[in-house]
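Novice: Sharing a structure below in structure tokens format, with a few things to ask.
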Amino acid sequence: MKCKIRKWKLSDAKDLAKALSNRKVQDNLRDGLPYPYLEQDANDYISSMLSANENDTFAFAITLDDKAIGSIGVFRQQNIHRQTAEMGYYIAEEYWGKGFMTEAVKQICEYVFEHSDIIRIYAEPFSCNMGSCRVLEKAGFQYEGTLRSNAIKNGKVMDMKMYSLLREEE
């Protein structure tokens, strides 16, 4: 079974809310998401992604049989980094370890490099999130180094790892 990425639909809100109302998922993401994550929160997010500038924000649902099981986005940076973009993603816990996220990462990188002038996509998972690090490695990203004491999550100082994929490597 293969996952696909596609533009968000407002009808994805219920599935998105279910995936994000899980502490294990949220513990691997940046702060700022409400908990529990309600369907209205999901509607607001989906609406904002659908109205975002399509040259700066590449935001997709990760789907299996057209059901949203996760989220993936690539976000253009500014100024001297204007051709660089940061990638973020998550998938519902029941789909962890099945190869779906690696497939989604490959799909979005291919899409961004084909449809924009972005030359570098990077991601910064927490160093303790071995699953996310492995996803990036399997998708062809290069490990660039550890960002020491780079974040505070749940009251704990965390290291992050820097990974990147360049257009010519894709």
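Each value in this text was obtained by applying a stated rule to the coordinates, not by laboratory testing. The structure displayed is predicted, hence computed values, not measured ones. Cβ atoms come from the backbone with ideal geometry, glycine included; neighbour counts cover every protein chain shown.
Novice: Sort 104-113, 32-41, 89-98 by the packing proxy (mean of other Cβ within 10 Å over each peptide's residues), most packed first.
Specialist: The densest-packed peptide leads the list: 104-113, 89-98, 32-41.
Novice: Right, another one. Taking the Cβ-Cβ separation of LYS4 and THR57 as r and a Förster radius of 22 Å, what is the calculated FRET efficiency to the nearest 0.05?
Specialist: 0.70
Novice: For the chain, taking Cα atoms only, what is the radius of gyration to one decimal and the Dmax to the nearest whole Å?
Specialist: In Å, with Rg to one decimal and Dmax whole: 15.3, 41.
Novice: Within straight cross-link reach of LYS7, meaning Cα distance under 19 Å, which lysines are found once same-chain residues fewer than 8 apart are removed?
Specialist: Partners within reach: LYS18, LYS67, LYS106.
Novice: Explain nothing, just the number: relative contact order of the chain, from Cα pairs under 8 Å at least 6 residues apart, as a whole percent.
Specialist: 20 percent
Novice: In percent, what relative contact order does the stretch 38-118 have, based on Cα pairs under 8 Å that are 6 or more apart in sequence?
Specialist: Dividing the mean separation by the residue count of the stretch 38-118 yields 22 percent.
Novice: Here's another thing I want to ask about it. What residues have an amide H closer than 5 Å to that of ALA151, excluding those fewer than 5 places away on the same chain, when H is modeled at 1.01 Å from N in the peptide plane?
Specialist: MET158
Novice: What is the dipole size for the stretch 5-56, taken about its Cα centre, with +1 at each Lys and Arg Cβ and -1 at each Asp and Glu Cβ, in debye to the nearest 20?
Specialist: 240 debye
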